[in-house]
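The structure appears right after this line, and notes come after that.
The values are calculated or read from the model by the stated rules, or taken from the named source; none is laboratory data. Quick caveat, the model's predicted, so the values are computed rather than measured. Please note: Cβ atoms are built from the backbone with ideal geometry, for glycine as well, and neighbour counts cover all protein chains shown. Accessible surface areas use protein heavy atoms only, side chains included; no ligands, DNA or RNA. Shrake-Rupley method; radii C 1.70, N 1.55, O 1.52, S 1.80 Å.
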Amino acid sequence: MRDVLDRLLTWWKAGESVAVGTVVATFQSAPRPPGAVMLVGPGLEAVGSVSGGCVEGAVYQLGEEILESGEPVLQRYGVSDESAFAVGLTCGGIIDVFVEKVDRTTFPELAEVASDIAEGRPVAVATVVAHPDPARIGRRLIVRPDGQLGSTGSDRVDDAIADDARGLLANGRTETLEYGPDGQRRGEGMRVFVSSYAPVPRLLVFGAIDFAAAVARLGTFLGYRVTVCDARAVFATASRFPSADEVIVDWPHRYLSAEAAAGRIDDRTVICVLTHDPKFDVPLLEVALRLPQVAYIGAMGSRRTHDDRLKRLREAGLSESEVARLASPIGLDLGARTPEETAVSIAAEIIAQRWGGAGQRLSAAGGPIHH
C-alpha cells in the first residue's frame, strides 16, 4: 500500500472511486507478499502490482467490474484455480486477492491513515475480507496503539480484532486472521486482513557473548530487527551472529547515543545489556536509563554485580526513578542455565512487560489470559 498510497489519496481527495486489489494471503512460492496492492483508477489506469505480472490482467478485469458493481470480491489465483492455465502464477504459487471499491464513502478514514503513515505513527487497517453475511465484507477497523476507529459491525468482533491487531502492529506484521462469524477465536467463516504500518521494533543486544547469540536468535523469531554491538572487533562478527540483522563494532554507549540522536530509538525499542563489565555497561546504562522512550532495559549479571552496578549508576548521578527502569538481573525466574534457556527467560520478561503479564503459571491464575 505504501507504494501506491499517494496516487490513491489523490483520487480519494478528488472524490473519485478506485478499485483496490490487495494480496491478503500467499501460499507456496507466491511472487508478492501480503499487503501488495494494485489500483484500477477512475480512468481505468493500472497502478502497482499484486503478482509481478502473472495475474495482473485478471485482477485488472475484476477491478473494472467492481468499479461498476461496488461489491467487494475475494479471489484466489494460482495452481488450484480452475483457470490456472489462463491466469495461474508461473511460479506455481497461490495468492488470495481482495478487490474492493475505495472512495470517500467506503473508506472515510483513508486521509487519517495516510497521515499516520507519513508521520511514522503506528497504525493498522483491519478489513473483513470474508464473512457469511455479505453486508459485513469490506467493513474495516482502524487500530492504533491507544485507540481504534470505525467498526466491522459488532462490538465483540471489534474487540477481538483490535486486540489481535495491536499484537501484529507491535511487531510490524501483516496477516490474515480468522474468526467465527461473531468474533469467536476458535471459529471460522470470517477472515480479517490486518495491514500494519509501523517500523519493525528494534532489539539492541550489547555484548558479543554466547548468551547474546541466543538472544539474537530468539529476538529474530519474535519479529524484532536485531542489532548486536560490542567494542571488541574480534568478537563482534557477522559469522558469530548470523541471525542478527546487523553487527556493530563500537563502544556501546557511543553507539546508543548516536542512534538516539538520529531518532532511531522509540517506545518499542528493547535494550539488553549482556556485557556484565562495568567499563562497558555503566556508561551504556547511563545513556539508556535517561532515554525518554524505550520499551525495556535489562542487564545481565549476578546479584553482587547488580548491587555494584546500582552503586556506580547512583554515583554517576542517576535518580531513583531512572534506576528503577532497569530490569536487573535480567529475565524471569525460570531456573535457566544454558544460553538458550536464558534467552527464553529474557524474552518472557520482555513479553510480560509489554502486555502487562505477571509471569506466573496460567494454570495458577484467574481472569483473562490476554491482558
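Return the pairs, sorted by first residue and then second, in which the second residue is among the acidic types (Asp, Glu), the first residue lies in the range 218-235 and is under 15 Å from Ile346 (Cα atoms), the beta carbons are less than 6 Å apart, and the residues are 6+ apart or on different chains.
Here the result reads Val226/Asp245, each pair linking the range 218-235 to a residue that is among the acidic types (Asp, Glu).
Report yes if some residue within the range 222-234 is modelled with pLDDT of 90 or more, part of a loop (DSSP other than H, G, I, E, B) and buried (at least 20 other Cβ atoms within 10 Å of the Cβ); otherwise report no. Step through it out loud before you land on a result.
Pass one, the range 222-234, residues modelled with pLDDT of 90 or more: 222, 224-234.
Right, trim to part of a loop (DSSP other than H, G, I, E, B) and you get 222, 224, 231-234.
Next, from what is left, pick out any that are buried (at least 20 other Cβ atoms within 10 Å of the Cβ): 224, 231.
Yes: the range 222-234 contains one or more residues that are modelled with pLDDT of 90 or more, part of a loop (DSSP other than H, G, I, E, B) and buried (at least 20 other Cβ atoms within 10 Å of the Cβ).
Run down Val205, Val194, Val215 and say which single residue is hydrophobic (A, V, I, L, M, F, W, C), buried (at least 19 other Cβ atoms within 10 Å of the Cβ) and closer than 27 Å to Thr105 by Cβ.
Val194
Does any residue in the range 319-331 that is in contact (Cβ under 8 Å) with a residue 24 or more places away in the chain come within less than 7 Å, Cβ to Cβ, of a residue that is in a helix (DSSP H, G or I) and open to solvent by 50 Å² or more (accessible area, probe 1.4 Å) six or more places away or on a different chain, and which pairs are these?
From residues that are in contact (Cβ under 8 Å) with a residue 24 or more places away in the chain, the pairs are Val323/Arg314; Pro329/Arg303.
Specify the residue that is surrounded by the fewest Cβ atoms within 10 Å (Cβ to Cβ); the eligible residues are those in the range 24-49 that are touching a Ser or Thr at 6+ places or on another chain (Cβ under 8 Å) and under 19 Å from Pro72 (Cα atoms). Break it down stepwise before answering.
Restricting attention to the range 24-49, the residues satisfying the condition of being touching a Ser or Thr at 6+ places or on another chain (Cβ under 8 Å) are 24-25, 30-38, 42.
Pick out the ones that are also under 19 Å from Pro72 (Cα atoms) and you get 24-25, 34-38, 42.
Working: Val24: 24, Ala25: 18, Pro34: 19, Gly35: 18, Ala36: 24, Val37: 21, Met38: 24, Pro42: 15.
Top of the filtered list is Pro42.
Does Glu340 meet the test of being under 20 Å from the mean Cα position of the chain (by Cα) and within 20 Å of Thr275 (Cα to Cα)?
Values: under 20 Å from the mean Cα position of the chain (by Cα): no; within 20 Å of Thr275 (Cα to Cα): yes.
Judged against the criteria, Glu340 is not a match.
For the range 182-215, give me each residue that is over 30 Å from Asp155 (Cβ atoms) and either free of Cβ contacts under 8 Å to residues at least 60 places away in the same chain or in contact with a His (Cβ under 8 Å, 6 or more places away or on another chain) (or both).
Step one: list which residues in the range 182-215 are over 30 Å from Asp155 (Cβ atoms), which gives 199-200, 202-215.
Across the range 182-215, the qualifying residues are Val200, Gly207, Ala208.
Considering only residues that are open to solvent by 20 Å² or more (accessible area, probe 1.4 Å), touching a Leu at 6+ places or on another chain (Cβ under 7 Å) and more than 24 Å from Val200 (Cα to Cα), which ones fall in the range 142-189?
Gly150, Ser151
Starting from the range 157-172, keep only residues that are at positive phi, then list their pairs with residues that are modelled with pLDDT of 90 or more and open to solvent by less than 20 Å² (accessible area, probe 1.4 Å) whose Cβ atoms are within a distance under 8 Å, requiring at least 6 positions of separation or different chains.
Note: pairs meeting the criteria are Gly172/Ser196.
Could you count how many residues in the range 1-52 are of a type in the set (D, E, K, R), more than 17 Å from Ile95 (Cβ to Cβ) and not in a helix (DSSP H, G or I)?
Total satisfying the criteria: 2.
Taking the range 266-293 as the search range and keeping residues that are over 20 Å from Ala236 (Cβ atoms) and at pLDDT 95 or above, which one is most open to solvent (accessible area, probe 1.4 Å)? It would help to see each step written out before you state the result.
Initial filter on the range 266-293 (over 20 Å from Ala236 (Cβ atoms)): 266-268, 286, 289-293.
Narrowing further to those that are at pLDDT 95 or above: 286, 289-291.
Values: Glu286: 50, Leu289: 1, Arg290: 107, Leu291: 17 Å².
By that ranking, first place goes to Arg290.
May I ask you to list the residues in the range 50-68 that are of a type outside the set (A, V, I, L, M, F, W, C), open to solvent by 20 Å² or more (accessible area, probe 1.4 Å) and touching a residue at least 12 places away in the same chain (Cβ under 8 Å)? Full working, then the answer.
At the first step, the residues of the range 50-68 found to be of a type outside the set (A, V, I, L, M, F, W, C) are 51-53, 56-57, 60-61, 63-65, 68.
Those still in the list that are open to solvent by 20 Å² or more (accessible area, probe 1.4 Å) too: 52-53, 56-57, 60-61, 64-65, 68.
Those that are of a type outside the set (A, V, I, L, M, F, W, C), open to solvent by 20 Å² or more (accessible area, probe 1.4 Å) and touching a residue at least 12 places away in the same chain (Cβ under 8 Å): Gly52, Glu56, Gly57, Tyr60, Glu64.
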